[in-house]
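The values are calculated or read from the model by the stated rules, or taken from the named source; none is laboratory data. None of the values given here were measured: they were computed from a predicted structure. Virtual Cβ from ideal backbone geometry, glycine too; neighbours counted across all protein chains shown.
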There are 2 protein chains.
Amino acid sequence: MAISSNILSLRNTIEDTLANLSFPQDPKGLYEPIKYILGLGGKRTRPLLTLLSTQLFNSNYNDAIKTAIALEVFHNFTLMHDDIMDNAPLRRGAETVHVRWDLNTAILSGDVMLVKAYDLLAENKIDCLPDVLKVFNDVAAKVCEGQQFDIDFSGDMNVAIDDYLKMIEFKTAVLIGASFQLGAIIGGAIKEDTRNIYEFGKNIGIAFQLQDDVLDVYGSPEKVGKQVGGDIIESKMTFLFLKALDLSDKTKKTRLTELFTAKEIDEDKKVVEVLSIYNDIGILKSCNEKINMYYNKAFEYMDRISVSKESKSEIIDFVYSLKIRDM
Amino acid sequence: MAISSNILSLRNTIEDTLANLSFPQDPKGLYEPIKYILGLGGKRTRPLLTLLSTQLFNSNYNDAIKTAIALEVFHNFTLMHDDIMDNAPLRRGAETVHVRWDLNTAILSGDVMLVKAYDLLAENKIDCLPDVLKVFNDVAAKVCEGQQFDIDFSGDMNVAIDDYLKMIEFKTAVLIGASFQLGAIIGGAIKEDTRNIYEFGKNIGIAFQLQDDVLDVYGSPEKVGKQVGGDIIESKMTFLFLKALDLSDKTKKTRLTELFTAKEIDEDKKVVEVLSIYNDIGILKSCNEKINMYYNKAFEYMDRISVSKESKSEIIDFVYSLKIRDM
């Protein structure tokens, strides 16, 4: 699907504003990593969602630009700190900050990015500032909680599916919801619409994340952009795996657990055997049902928003064009 | 000096509010370390300064309590992350968070503390919220910058004295200034007074930090609360050392540098010899002159504040009663 000229123009605005973000000259060790991570690219999805959401309610999106950028800065702050916690060597194909510089730099530069995000939010007009802060604070805390749940769940085969869904909701989806919601608040939407668009974004965010889990196993290598079955090889707790455990009989459950805890195992054989169990129990169908449930829920909330169908079409088209790997 | 009943009562209010801060039940791994570090005690100096400052301009300090607590939460966030960077095993005699839990916990719990600080600030009334955020954001970024300068300067004998003074200003003193300033803003002080009390606090903060450097070398062991000469043993860059280098002739300068870079050296002999050079060049006098300069500057700003002398006396008395180790 072709990207609309409006979206291309919003992206340019976002890139220009990011490139012109001013940071003190010194200390270099604090501010260079920030420029570095913000310069690694990405699709700038969150700020784009904010501006599209403002446009849905108000033709003038200028008032929302600083907040849109705050969301991108916040998102990159979480990436900088998450990369430490995940021991990740690469981010968007480039060295992560804690590798290129060091641990202390990645901690401290991340901290000051979070302050910078608030600094950008504080530029909002007085009439929406309290609401903006309330939404942002709530979501920022949830994102940290989601990361903590993710750490807690690592390697735990007994995670309840609902807890897993809550984890991805907090870690990923609420920030998508808030990106829309903040744009709506700044655009002057009525309270109900700001809540509806939050729920729209949140449910889309969960659907995307589940789709990502599915693509990792069932996507074509070109689409996945990394080795198919990577999550299986790493014994990652995903919706697929937890749902598979749930749907398996005792024999299959035991075997799945063995495969995911085996210390020495041939990677290819592991993928093939897990995949065969997944296929036997029809995991793809279960997943797609769940994903569609979230999509449907999202669009129910979108339906409730009190603007014309035509003006909603750009956001809806854009959301369909997105895949989680772009976020 | 006896602490006034007003101060005792403000401290109780602070302790009660801190103890009643509400955090989600889960994830425990995220919120227990926050309750832990906030429960380690401390004199709660920053929130106390905020409340005293509000009282200076307004008999009702209730509106300032949340902001006072935000400053304490922020301060403890910086301690949690600094302890990682400094590899510190102990904080107030108890295990640091990254030791008692782990690195990831200390990073993530710290992050959510910073969010919590903003959450408390956001409860300010709309008429002072933008000013409160502006002051806080500016100071929070400076505190991070100060920590980065401190890391950058570690082991660097060529640090200019002015750069060192800027480092302690940013790392420690501006938060003391902001603690006063935020209280004044919330208390409804005129703009000029809010700036004057910030400068008062900032200059007091620098004086305290310099006094701390001096006490480490010239204090009695009971007063210092740790081994006298600890900074010398650790070859820490302090105002004393940098000023001593500045005042030394070539021979003494070379010897000081040798003593501070020697890999294997008897600790006691090192302290004795450095102390002898310090005494030869009269470092104590130089330091006291500098400290008095900052005290005098601070009280010049206090003089300019447009309230009666009598109402200023409680803050002045309290500040005299403080030593940096209490902060």
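Against the numbered list (1) more than 8 Å from chain A (Cβ to nearest Cβ); (2) surrounded by fewer than 19 Cβ atoms within 10 Å (Cβ to Cβ); (3) modelled with pLDDT of 95 or more, B:Met157 comes up short only at (3).
In the set (1) surrounded by fewer than 20 Cβ atoms within 10 Å (Cβ to Cβ); (2) of a type in the set (Lys, Arg); (3) touching a residue at least 12 places away in the same chain (Cβ under 8 Å), the condition left unmet by A:Lys134 is number (3).
Just wondering, is there one or more residues in the stretch A:13-29 that are within 14 Å of chain B (Cβ to nearest Cβ) and either crowded, with 21+ Cβ neighbours inside 10 Å or in contact with a Cys (Cβ under 9 Å, 6 or more places away or on another chain) (or both)? Looking through the stretch A:13-29, at least one residue is within 14 Å of chain B (Cβ to nearest Cβ) and either crowded, with 21+ Cβ neighbours inside 10 Å or in contact with a Cys (Cβ under 9 Å, 6 or more places away or on another chain) (or both).
Is it true that A:Glu264 is modelled with pLDDT of 95 or more, on the phi < 0 side of the Ramachandran plot, surrounded by fewer than 17 Cβ atoms within 10 Å (Cβ to Cβ) and of a type in the set (Asp, Glu)? So A:Glu264 fails the test. Candidates B:Leu284, B:Leu259, B:Leu245, B:Leu240: the one that is over 30 Å from B:Pro130 (Cα atoms) and more than 26 Å from the chain's Cα centre (by Cα) is B:Leu259.
Among the residues making up the stretch B:1-35, those that are among the hydroxyl-bearing types (Ser, Thr, Tyr), more than 19 Å from A:Asp152 (Cα to Cα) and assigned to a helix (DSSP H, G or I) are B:Ser5, B:Ser9, B:Thr13, B:Thr17. Here B:Pro27 clears all of (1) in contact with a helix residue (DSSP H, G or I) (Cβ under 6 Å, 6 or more places away or on another chain); (2) under 26 Å from B:Lys125 (Cα atoms) except the condition numbered (2). I need the full set of residues from the stretch A:85-120 which are surrounded by fewer than 20 Cβ atoms within 10 Å (Cβ to Cβ) and of a type in the set (S, T, N, Q), in order please. Passing the criteria: A:Asn87, A:Asn104. Of B:Ala178, B:Ala184, B:Ala207, B:Ala173, all but one fail to be more than 30 Å from B:Asp246 (Cα to Cα), in a helix (DSSP H, G or I), away from chain A (no Cβ under 14 Å) and among the hydrophobic types (A, V, I, L, M, F, W, C); the exception is B:Ala184. The requirement of being modelled with pLDDT of 95 or more, within 14 Å of chain B (Cβ to nearest Cβ) and buried (at least 22 other Cβ atoms within 10 Å of the Cβ) is fulfilled somewhere in the stretch A:32-46, by at least one residue. Hey, can you tell me all the residues within the stretch B:145-173 that are without any contact (Cβ under 8 Å) to a residue 24 or more places away in the chain, within 15 Å of the chain's Cα centre (by Cα) and under 27 Å from B:Leu120 (Cβ atoms)? Answer for the stretch B:145-173, where residues must be without any contact (Cβ under 8 Å) to a residue 24 or more places away in the chain, within 15 Å of the chain's Cα centre (by Cα) and under 27 Å from B:Leu120 (Cβ atoms): just B:Asp150. The conditions of being buried (at least 20 other Cβ atoms within 10 Å of the Cβ) and among the charged types (D, E, K, R) are met by B:Asp150.
Just one of (1) at pLDDT 95 or above; (2) in a loop (DSSP other than H, G, I, E, B); (3) over 27 Å from A:Ile7 (Cα atoms); (4) among the hydrophobic types (A, V, I, L, M, F, W, C) fails for A:Val307. It is (3). Scan the stretch B:94-110 for residues that are under 23 Å from the mean Cα position of the chain (by Cα), touching a residue at least 40 places away in the same chain (Cβ under 8 Å) and not in a helix (DSSP H, G or I) and the total you get is 1.
Listed here are the residues, each with its yes/no results for (1) touching a His at 6+ places or on another chain (Cβ under 8 Å); (2) within 14 Å of another protein chain (Cβ to nearest Cβ); (3) modelled with pLDDT of 95 or more.
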residue	(1), (2), (3)
A:Tyr61	no, no, yes
A:Arg92	no, no, no
A:Leu103	no, yes, yes
A:Pro130	no, yes, yes
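In the stretch A:165-177, the condition of being surrounded by 18 or more Cβ atoms within 10 Å (Cβ to Cβ), in contact with a Gly (Cβ under 9 Å, 6 or more places away or on another chain) and acidic (Asp, Glu) is met by at least one residue. Evaluate the stretch A:62-84: report whether one residue or more is under 16 Å from A:Phe318 (Cβ atoms), touching a Phe, Trp or Tyr at 6+ places or on another chain (Cβ under 9 Å), surrounded by fewer than 21 Cβ atoms within 10 Å (Cβ to Cβ) and touching a residue at least 12 places away in the same chain (Cβ under 8 Å). No, because not a single residue in the stretch A:62-84 is under 16 Å from A:Phe318 (Cβ atoms), touching a Phe, Trp or Tyr at 6+ places or on another chain (Cβ under 9 Å), surrounded by fewer than 21 Cβ atoms within 10 Å (Cβ to Cβ) and touching a residue at least 12 places away in the same chain (Cβ under 8 Å).
Only one of the numbered conditions (1) charged (D, E, K, R); (2) buried (at least 18 other Cβ atoms within 10 Å of the Cβ); (3) under 23 Å from B:Val73 (Cα atoms) is violated by B:Asp193, and that is (3). Among residues of the stretch A:236-256 that are assigned to a loop (DSSP other than H, G, I, E, B), those with a Cβ under 9 angstrom from a residue that is surrounded by 14 or more Cβ atoms within 10 Å (Cβ to Cβ) and of a type in the set (Val, Ile, Thr), sequence gap 6+ or separate chain, pair up as A:Met237/A:Val159; A:Thr238/A:Val214; A:Thr238/A:Val217; A:Thr238/A:Ile232; A:Ser248/A:Ile277; A:Ser248/A:Ile281; A:Asp249/A:Ile281.
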